[in-house]
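Peer 1: The structure is given below, and queries will be raised subsequently.
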Amino acid sequence: MTKKKTKTTPTQRDGDMSAKDAGKNISPEEAYSFSPVDRKRAISLIGAAIGLGAISTIISRIVPPPAVPEGDGTIRNLPQLKSGGTEGNSDNLIRMQNELRRAMAKPMESRRWLMVIDTRKCVGCHACTVACMAENRLPPGVVYRPVITDQQGRYPRQITRFFPRPCMQCDNPSCVPVCPVRATWKRPDGVVIVDYDKCIGCRYCLTACPYGARTSDFGSYYTEHTPEIQPYEQQPTNEYNKSWSREDHGSPVGNARKCHFCLHRLEQGLLPQCVSTCIGRANYFGDANDATSLAAEMARSGNQVRLLEEKGTKPSVIYLV
Amino acid sequence: MSLLQEYFNDRNKVVKNLKLIFWTACALSLLIGFYGWFVRIVDGHIKANYGSIVTWGLWVAGYIYFIGLSAGSFLVSSLVYVFNYKKFERIGKLAVFTALVTLLMALLSIWADLGHMGRAWHVIVFPNFKSPMAWMIYLYSLYMLLIAVEIYFLLRYDFATGANNSTFKGKIYKLLSLGSKDSTEESKQRDKKVVKRLATAGIPIAILFHGGVGALFGVVSARPHWHSGLFPILFLLSALVSGGALLTLISSIFQQGWSKNKGVIIELGKMVLALLLLDVLFQVSEFLVAYRGGIPGHTAGFDLVLSGPYAWVFWGWQGLIGTVIPILLLIFPTRKSPLWVALAGLLIAAGIFGLRLNIVIPGLAVEEIHGLTSAIYSHRVDPHYFPSISEWALTMGIVGFGMLLFGLGEYFLPKHEEKT
């Protein structure tokens, strides 16, 4: 529907015609009475429309559409935005991306990933949760980054705050030592990862994480009780720079899964999907060892907290409140 | 009434009927179990109800239950073979056999719980000795080996003498004797020495591995319900209680049943009563400390136990059936009747399963961060858990498998002789 937005009163909402005529200010009797001239015009209009439709259908069958859409207005010809250049620190996301590429040029041991989440900027839209699920093709029940709603006080004296909760990538992770088969460990760059091929699926790490940051893949699909499981759910996921197909109970089905700061995107010089997608720009991501990076700068704020510090896990995710 | 008396007087008839009931129950459990295992193999975990909050369910509770029975009955058998406690001598072999069967049941239960059953060998090849789970796995592997060898040496003499028989049983004995034909009195004495050494080595291993199972839960600081120094010890105590209780039941059925094992059953009853009272004391201590401390995270699990949706598991199953009634049965004059004591054993053994469920599930059924389960809409991220039909069916199958092994053992394995 490409109907233009017009001011409609409740009585005018039930028909298209009334909406079309809304600007003309016609009385109801006039609007619903048809003169012979009107009828003739209507019939000829309908006839013309049918004819046009038939001709255009025939033409579209004969002439193949261009393989690649071209010309003004297509996505390939969008003008460069003057307000935000791709160079320098003109925009937080671009600055962070440049810093990320700089960090990726260093050896893995000398970078240490850090995420800062400004809860004052988070609007609770859950876009990061959804973007993460799309990026990593997460099945039902597997969520790497839920947004937790926290309400303080009672209406009307109340405030609602949002805490996105990725994996804290702890410096002293409680999930790593409990793994009986050494299938999970902390990389030198600070990210805690899971070896899907080694993990036996005992779920001990899930119980040991005080943040509930690990979820297990039980092998279900969102569209499994519909006529067919949709192909977009069966596409392999590219986590850890590999292709993982979930078909026939293959890994990662039966494994513990968790946020890995989109390592496969970092390899391509891209920010984690949750950072890129955040409409409030509430996320800062970068190398803690690079003192000039935006994330490191934000991590020096005085109004910071870390979740459940008393557990001694030393999280790498910082919240600004 | 007279009919009933007449019925019980005809002992052969009773035994025959009991055997019929036993084998029917065994066959039914196995049949139901086939469904559970079929679903587990074909659909994986889809039909199971645990998730990412309640990460472990019925199968893990079953695992710690069965493995507790194993450790408990092994420790009872060590009273005979290490400490030379004559009163239990009649059921020594039966106790070791029980330890082996229940250990196999436990391993089946935890194997089904793995996300990748085909990778179970990873635990032996890539162990991480910082994990209590790896310690537990290594210790129970050692324990299994030890029991198997101990059983061999316990029964070798009987196998060797029985192998000469040309009946079907004789052939089985020949196979089980592993080629040993030495049926002299000296070899019997040598076997006895070997058994004593193995049983002695088995005591620390059984204590370590079952304490290790308790530690596996106790070390998890993220779940305050488990995070207590009493936990490993509570596991051991419950293991002794459940193992002893199961043995009272088993010795009233197998090895000539209650009429011959009367003394053993009554003696076991006394031991189980003492252990059960100690177990209750430990549990009361856990509750008192948690509630007097009053930290919400710590009491949340206990709240679920006492007044959650499955509080009946605590009050009815674990409390009334598993604790109060058997304690009364073991205190009142019924303690002198082997059948009543065996019934108390059955109730305690069943009640401890409720206790195991109450360890695993309420400890997990609390969201780690307030608001986590409302942030994710999925039945896998939900503190509410009740085992699914296929989960129950699989566990039934494991019980049926255990019954089958017991039945075959009763039929094939040599019985205890009156005088050794």
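The values are calculated or read from the model by the stated rules, or taken from the named source; none is laboratory data. As the structure is a computational prediction, the values presented were derived from the model and not from experiment. Backbone-built Cβ (ideal geometry, glycine too); neighbour counts: all protein chains shown.
Peer 1: Just to verify a result, which residue in the stretch A:131-165, among those that are away from chain B (no Cβ under 12 Å), surrounded by fewer than 17 Cβ atoms within 10 Å (Cβ to Cβ) and of a type outside the set (D, E, K, R), is nearest to residue A:289 (Cα to Cα)?
Peer 2: A:134
Peer 1: In the stretch B:304-324, is there at least one residue being within 30 Å of residue A:166 (Cβ to Cβ), within 14 Å of another protein chain (Cβ to nearest Cβ) and part of a helix (DSSP H, G or I)?
Peer 2: no
Peer 1: Hey, among B:42, B:80, which residue is more than 22 Å from residue B:365 (Cβ to Cβ), out of contact with any His (no Cβ under 9 Å at 6 or more places or on another chain), surrounded by fewer than 24 Cβ atoms within 10 Å (Cβ to Cβ) and within 14 Å of another protein chain (Cβ to nearest Cβ)? Full working, then the answer.
Peer 2: Numbers: B:80 fails: within 14 Å of another protein chain (Cβ to nearest Cβ).
Only one candidate qualifies: B:42.
Peer 1: Tally time: how many residues in the stretch A:173-212 are touching a Gly at 6+ places or on another chain (Cβ under 7 Å) and aliphatic (A, V, I, L, M)?
Peer 2: 1
Peer 1: If we scan the stretch A:226-241, do we find a residue that is farther than 27 Å from residue B:130 by Cβ and buried (at least 21 other Cβ atoms within 10 Å of the Cβ)?
Peer 2: Step one: list which residues in the stretch A:226-241 are farther than 27 Å from residue B:130 by Cβ, which gives A:226-238, A:241.
If we keep only those that are buried (at least 21 other Cβ atoms within 10 Å of the Cβ) as well, we get none.
Checked the stretch A:226-241: no residue is farther than 27 Å from residue B:130 by Cβ and buried (at least 21 other Cβ atoms within 10 Å of the Cβ).
Peer 1: Restricting to the stretch A:118-130, name every residue that is within 14 Å of chain B (Cβ to nearest Cβ) and of a type in the set (Val, Ile, Thr).
Peer 2: A:119, A:129, A:130
Peer 1: Checking residue B:277 against (1) modelled with pLDDT under 95; (2) assigned to a helix (DSSP H, G or I); (3) over 30 Å from residue B:16 (Cα atoms), which single condition isn't satisfied?
Peer 2: Result: residue B:277 passes all but (1).
Peer 1: Might you let me know whether the stretch A:227-247 holds any residue that is within 30 Å of residue A:202 (Cα to Cα), part of a helix (DSSP H, G or I) and within 14 Å of another protein chain (Cβ to nearest Cβ)?
Peer 2: Yes, the conditions are met somewhere in the stretch A:227-247.
Peer 1: Check whether at least one residue in the stretch A:166-175 is more than 7 Å from chain B (Cβ to nearest Cβ) and not in a loop (DSSP other than H, G, I, E, B), and report yes or no.
Peer 2: So far as the stretch A:166-175 goes, no, none of its residues is more than 7 Å from chain B (Cβ to nearest Cβ) and not in a loop (DSSP other than H, G, I, E, B).
Peer 1: Can you tell me which condition residue A:189 does not meet? The list is (1) at the interface with chain B (Cβ under 9 Å from one of its Cβ atoms); (2) in a loop (DSSP other than H, G, I, E, B), and all the others hold.
Peer 2: (1)
Peer 1: Considering B:379, B:370, which residue is of a type outside the set (A, V, I, L, M), within 14 Å of chain A (Cβ to nearest Cβ), without any contact (Cβ under 8 Å) to a residue 12 or more places away in the chain and assigned to a loop (DSSP other than H, G, I, E, B)?
Peer 2: One residue alone meets the criteria, B:370.
Peer 1: Next up: Say we look at the stretch B:150-204 and pick out the residues that are aliphatic (A, V, I, L, M) and not in a helix (DSSP H, G or I); which of these is modelled with the highest pLDDT?
Peer 2: Within the stretch B:150-204, the subset aliphatic (A, V, I, L, M) is B:151, B:154-155, B:160, B:163, B:172, B:175-176, B:178, B:194-195, B:198-199, B:201, B:203.
Still in the running and not in a helix (DSSP H, G or I): B:163, B:178.
On the way: B:163: 76, B:178: 81.
Only one residue tops the list, namely B:178.
Peer 1: Scanning for something surrounded by fewer than 17 Cβ atoms within 10 Å (Cβ to Cβ) and either closer than 30 Å to residue A:234 by Cα or more than 10 Å from every other protein chain (Cβ to nearest Cβ) (or both), does the stretch A:176-185 turn up at least one residue?
Peer 2: Among the residues of the stretch A:176-185, at least one is surrounded by fewer than 17 Cβ atoms within 10 Å (Cβ to Cβ) and either closer than 30 Å to residue A:234 by Cα or more than 10 Å from every other protein chain (Cβ to nearest Cβ) (or both), which makes the answer yes.
Peer 1: Give me a count of the residues in the stretch B:121-137 that are under 28 Å from residue B:41 (Cα atoms) and surrounded by fewer than 17 Cβ atoms within 10 Å (Cβ to Cβ).
Peer 2: Of the residues in that region, 3 qualify.
Peer 1: Out of B:345, B:402, report the one residue that is under 21 Å from the mean Cα position of the chain (by Cα), under 30 Å from residue B:14 (Cα atoms) and buried (at least 23 other Cβ atoms within 10 Å of the Cβ).
Peer 2: When all the criteria are applied, what remains is B:345.
Peer 1: Only one residue in A:207, A:160, A:223, A:215 is among the β-branched types (Val, Ile, Thr) and out of contact with any helix residue (DSSP H, G or I) (no Cβ under 8 Å at 6 or more places or on another chain), so which one is that?
Peer 2: Only one candidate passes the filter, namely A:160.
Peer 1: Please verify whether the stretch A:253-261 includes one or more residues that are within 14 Å of chain B (Cβ to nearest Cβ) and touching a helix residue (DSSP H, G or I) at 6+ places or on another chain (Cβ under 7 Å). Full working, then the answer.
Peer 2: Going through the stretch A:253-261, the residues within 14 Å of chain B (Cβ to nearest Cβ) turn out to be A:253-259.
Adding the requirement that they be touching a helix residue (DSSP H, G or I) at 6+ places or on another chain (Cβ under 7 Å) leaves A:256.
Yes, some residue in the stretch A:253-261 is within 14 Å of chain B (Cβ to nearest Cβ) and touching a helix residue (DSSP H, G or I) at 6+ places or on another chain (Cβ under 7 Å).
Peer 1: Counting only residues that are buried (at least 20 other Cβ atoms within 10 Å of the Cβ) and part of a loop (DSSP other than H, G, I, E, B), how many does the stretch A:308-321 have?
Peer 2: So the first thing to find is which residues in the stretch A:308-321 are buried (at least 20 other Cβ atoms within 10 Å of the Cβ), and the list is A:313, A:315-319.
From what is left, the residues that are part of a loop (DSSP other than H, G, I, E, B) are A:313, A:315-316.
Number satisfying all stated conditions: 3.
Peer 1: Given (1) more than 14 Å from chain A (Cβ to nearest Cβ); (2) assigned to a helix (DSSP H, G or I); (3) buried (at least 17 other Cβ atoms within 10 Å of the Cβ); (4) not aliphatic (A, V, I, L, M), where does residue B:212 come up short, assuming only one miss?
Peer 2: Among (1) more than 14 Å from chain A (Cβ to nearest Cβ); (2) assigned to a helix (DSSP H, G or I); (3) buried (at least 17 other Cβ atoms within 10 Å of the Cβ); (4) not aliphatic (A, V, I, L, M), the lone unmet condition for residue B:212 is (1).
Peer 1: Can you give me the number of residues within the stretch A:199-226 that are aromatic (Phe, Trp, Tyr) and more than 7 Å from every other protein chain (Cβ to nearest Cβ)?
Peer 2: Total meeting the criteria: 2.
Peer 1: Mind checking which residues of the stretch B:107-134 are facing another protein chain (nearest Cβ under 7 Å) and of a type in the set (A, V, I, L, M, F, W, C)?
Peer 2: B:114, B:120, B:123, B:126, B:133, B:134 - these are the residues of the stretch B:107-134 that are facing another protein chain (nearest Cβ under 7 Å) and of a type in the set (A, V, I, L, M, F, W, C).
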